[in-house]
Amino acid sequence: MEREYTQHGGKKGAGLRKGIVVLVVLLVILVMTNPNEEDFVAWLASEHDIHSSYDVNEGRTFTQTIDGEEKTLHYKGGHILHMGIFLTYSYLFLDNEEKEIQIEAVGIMNMLFSR
């Protein structure tokens, strides 16, 4: 007996291919629209009133304005974790009274959210 070849699964395969292409395009868009560190620093200014400046001798300095009073923050450390489709940011500051301030955020599609 000879086998007959038919196209019974043709539409199902085409739908699967379209779904995979859409998924790949979506993943590429998510990776390409991750916010960068400058976006995070701008977010710090808008959400937490922590402003950054750069001096050749001192490097990057941070100040926070609370009730009209400006305090200098000392950057103690932090990390940026790239997870492909999103990023996590974490900065640790010390204020003048040695009180720790930790700011954490998640970034996806050029937007940042507090963690």
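The values are calculated or read from the model by the stated rules, or taken from the named source; none is laboratory data. Remember, it's a predicted structure, so these values are computed and weren't measured experimentally. Here the Cβ positions follow ideal geometry from the backbone for every residue, glycine too, while neighbour counts run over all protein chains shown. Remember, those area values only see protein heavy atoms, side chains included, never the ligands or the DNA or RNA. Shrake-Rupley method; radii C 1.70, N 1.55, O 1.52, S 1.80 Å.
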Legend entry - the stretch 56-76, residues that are surrounded by 10 or more Cβ atoms within 10 Å (Cβ to Cβ) and either among the hydroxyl-bearing types (Ser, Thr, Tyr) or without any contact (Cβ under 8 Å) to a residue 12 or more places away in the chain (or both): THR61, THR63, THR65, GLU70, THR72, TYR75
Legend entry - Where LYS18 falls short, out of the listed (1) among the basic types (Lys, Arg); (2) within 23 Å of ARG115 (Cβ to Cβ); (3) modelled with pLDDT of 90 or more: (2)
Inset, instruction - May I ask you to list the residues in the stretch 46-55 that are of a type outside the set (Ser, Thr, Tyr) and surrounded by fewer than 16 Cβ atoms within 10 Å (Cβ to Cβ)? - result: GLU47, ASP49, ASP55
Inset, instruction - Please work out if ASP49 is on the phi > 0 side of the Ramachandran plot, charged (D, E, K, R) and at pLDDT 90 or above. - result: yes
Legend entry - Among (1) part of a loop (DSSP other than H, G, I, E, B); (2) more than 11 Å from the chain's Cα centre (by Cα), the one test that THR65 misses: (1)
Legend entry - Where ILE108 falls short, out of the listed (1) open to solvent by less than 80 Å² (accessible area, probe 1.4 Å); (2) free of Cβ contacts under 8 Å to residues at least 60 places away in the same chain; (3) of a type in the set (Val, Ile, Thr): (2)
Legend entry - Only one of SER53, SER46 that is touching a Phe, Trp or Tyr at 6+ places or on another chain (Cβ under 9 Å) and without any contact (Cβ under 8 Å) to a residue 40 or more places away in the chain: SER53
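Residue by residue, here is whether (1) within 30 Å of VAL24 (Cβ to Cβ); (2) among the β-branched types (Val, Ile, Thr) holds:
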{"site": "GLU58", "(1), (2)": "no, no"}
{"site": "THR63", "(1), (2)": "no, yes"}
{"site": "LYS71", "(1), (2)": "no, no"}
{"site": "HIS79", "(1), (2)": "yes, no"}
{"site": "ILE85", "(1), (2)": "yes, yes"}
{"site": "TYR89", "(1), (2)": "yes, no"}
{"site": "ASP95", "(1), (2)": "no, no"}
{"site": "ALA105", "(1), (2)": "yes, no"}
